[in-house]
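Enquirer: Next up is a structure, given as C-alpha cells.
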Amino acid sequence: MMPWFDRYSKHAKGKMPPHPAAFDAAGEDVWIEVIRKMDEVYADLLQSQTQLEQQNARLEEAQAFIGSVLASMTDVLIVCDTEGLIQQVNPALERLTGKSEAELSGKLLDVILHPTSLDKLDGFQERLNGGGQLNDCEVSLAAPNGQVAPLSMNCTTRRDHKNRLVGFVLVGRPVGELRRAYEQLDKAHQQLTQTQQQLVMSEKMAALGRLVAGVAHELNNPISFIFGNMHALKRYGGAITHYLESCDQSYTDPQLQELRKQLKIDQIIRDISPLVEGTLEGAERVSYIVKDLLRFSSNQEETPEQVDLVQLARTAADWVVKAKRIKPAVRFDMPNSLEIVGHKGLMHQIIVNLVQNAADVLTGHPAPLIEIACRRQNGYVAVEIADNGTGIPEDKLDKIFEPFFTTKPIGQGTGLGLYVSYSMVQKQGGTLQVANRPQGGAIFTLRMPVNENSLG
C-alpha cells in the first residue's frame, strides 16, 4: 500500500484530490507507531535507570568499604601524583600530622615531612620514576607542636588502566609501634629464657636434694660410730683418770714421778675430759646438720615438734654466710632460747631462704650487714631478718612473694625462694611480711603462733 504522504503528493500534483477519510486512517496509524516507539524508549530508559541505580549502589558500597578500611588502618597511607602533589590520605595520617585531607589535598609532599627528611624526597621520585620501589626507608613526619613522628616507609608506583605512571602510593608504619612490638618480642624471649633456666634450676635442685639425702644417709653411719666410740672413750677416760689419781696417792717412787712429768700425765688428765666433750659436741652438731639436710631434701610431711627458733636462726645464718665468698656480718638480737611447736624442716628452710635473700641483696655492698632478731609478741614469736642494702622499689613490694618474680639478673635467681617460704609460713598458720626500713634496706618479718592447736 502506498504511504499516505506519497498519495497526498500525487493528489497535490493534480492527479486526484485526497479523501478526508484517508487522512484520518493514516494519522491514526502514525500516532500508534509513535506511541509504540515511545513505549520502547521508555522501557529502555527504565532498564538503564535500574542498571544505573544498581551500579551506583555497588559503587557506594565499594566506596564505603574502602573508606572503612582506610579509617581502620593504623599505618599511614599517602596517594600522590607524579609531581608529588597529595591526592588522598587516610585518617591515620590526619591524626599523626594534625591536618585534614582537605588541607593537604593538592599540596606538595614536603608539607608533611620533617625538615630532616626533605633531602630524601628527591631520591624517592628519582627512583620511583625509574620504575623501582622503596622498602623500609625511615622518614620523619612533622607532627603537631614541633614533634617528630618517625615512620618506616614503603613506596610503590601507581598506574592507570593503560599502564601509564600516574603517581605513587606511600605506606608508613610508625617506628614507635615497631619498637614496641620488638620490645614485646624481646620481653617474651627473655621470659621464655628465664622460665627455661628456672626449669633447669628446679631440676638441679631436685637432683641436689636427692644427692643431699643420699649423702646424709651415708653420714649417719660414721656419725653413729663416732657417738658410740666417744661415749665409750668418755667412760674409759674417767676410769683411767681415777686410776691414775689413785696411783699417784699410793706410789711415791721418784722414777715414776719423773716419768709422769716427762709424759705430761697431769696435763693429759686435765685435757682428756674437755677433748672428749668437745668431740661429742662436734659430733652432735654434725648429726644435727645431717638431720636438717634430710628434712630439707625430704618431701615427706613432718609432724609438729618443739622448735627452737633461736638455734634455727643461728644455724641458718651460719650455713648461708659460710657459703658466701664475701661474707656479710651477722648481728643477732635474740634470747638464749625461744621455742614454738612447728615443722622443724620447713622452719629451717624458710629462715635459710630469708637469710640467703638478704645475703644476695648485699652482694657488692662495701659493709654488708644482716640483722636477725627474735622476740615473743602477743601469742606469736616474731623473727626479723633485715639487711642494710638499697631496699625494694615501692612498685615491686606487692609482687615480692609472687612465683617466678625476681629482681635478680637472668640466671641468678629462680623467683621461687620467697614464694616457697611464703607458702610454707601460711601452711603453718603464720604470716610473712616485707617492708623497707627508714634507715635503708629491707626487713622480712616472720610471725609464727606459739599455740600448737593453731598449726596445720
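Enquirer: Express in Å², to the nearest 10, the accessible area of K99 obtained by rolling a 1.4 Å probe over the protein heavy atoms while all chains stay in place.
Expert: Answer for K99: close to 70 Å² accessible.
Enquirer: Still on this structure: Provide the net charge surrounding L165, with neighbours chosen by a C-beta distance below 11 Å and charges set as Lys +1, Arg +1, Asp -1, Glu -1.
Expert: +2
Enquirer: With 27 Å as the limit, write out which pairs from K234/K261; K234/K322; K344/K396 have Cα-Cα distances beyond it, or answer none.
Expert: Beyond 27 Å: K234/K322; K344/K396.
Enquirer: How would you classify segment 22-117 from its alpha-carbon gyration tensor, with a ≥ b ≥ c the square roots of the eigenvalues: rounded for a/c under 1.5, else prolate if a/b is greater than b/c, otherwise oblate?
Expert: Verdict is prolate for segment 22-117.
Enquirer: For a protection proxy built on the mean count of beta-carbon atoms within 10 angstrom, sort 355-362, 45-52, 384-391, 226-233 highest first, please.
Expert: In decreasing order of mean packing, 355-362, 45-52, 384-391, 226-233 become 355-362, 384-391, 226-233, 45-52.
Enquirer: Placing +1 at every Lys and Arg Cβ and -1 at every Asp and Glu Cβ, with all other atoms neutral, what dipole size does segment 311-364 have around its Cα centre, in debye to the nearest 20?
Expert: Roughly 240 debye, rounded to the nearest 20.
Enquirer: State whether segment 311-355 is rounded, prolate or oblate according to the following rule on the C-alpha gyration tensor (a ≥ b ≥ c being the square roots of its eigenvalues): a/c under 1.5 gives rounded; otherwise a/b larger than b/c gives prolate, and the remaining case gives oblate. Please list the in-between numbers first.
Expert: On the way: a/c = 3.11, a/b = 1.49, b/c = 2.09.
Here segment 311-355 falls in the oblate category.
Enquirer: Give the ranking of W31, W319 by solvent-accessible surface, highest area first, calculated with a 1.4 Å probe.
Expert: Correct descending sequence by accessible area is W31, W319.
Enquirer: Sticking with this one: What is the dipole size for segment 344-401, taken about its Cα centre, with +1 at each Lys and Arg Cβ and -1 at each Asp and Glu Cβ, in debye to the nearest 20?
Expert: Magnitude of the dipole: close to 320 debye.
Enquirer: Can you give the extra length, in nm with one decimal, that the chain gains between N56 and T156 once fully stretched, where that is 0.36 nm per residue apart less the Cα-Cα distance?
Expert: Full-extension gain reported as 33.0 nm.
The values are calculated or read from the model by the stated rules, or taken from the named source; none is laboratory data. Keep in mind the model is a prediction, meaning the values are calculated, not measured. As a convention, Cβ positions derive from the backbone with ideal geometry for all residues, glycine included, and neighbour counts pool all protein chains shown. Please note that ligands, DNA and RNA were not included when accessible areas were found on the heavy atoms of the full protein model with its side chains. Shrake-Rupley method; radii C 1.70, N 1.55, O 1.52, S 1.80 Å.
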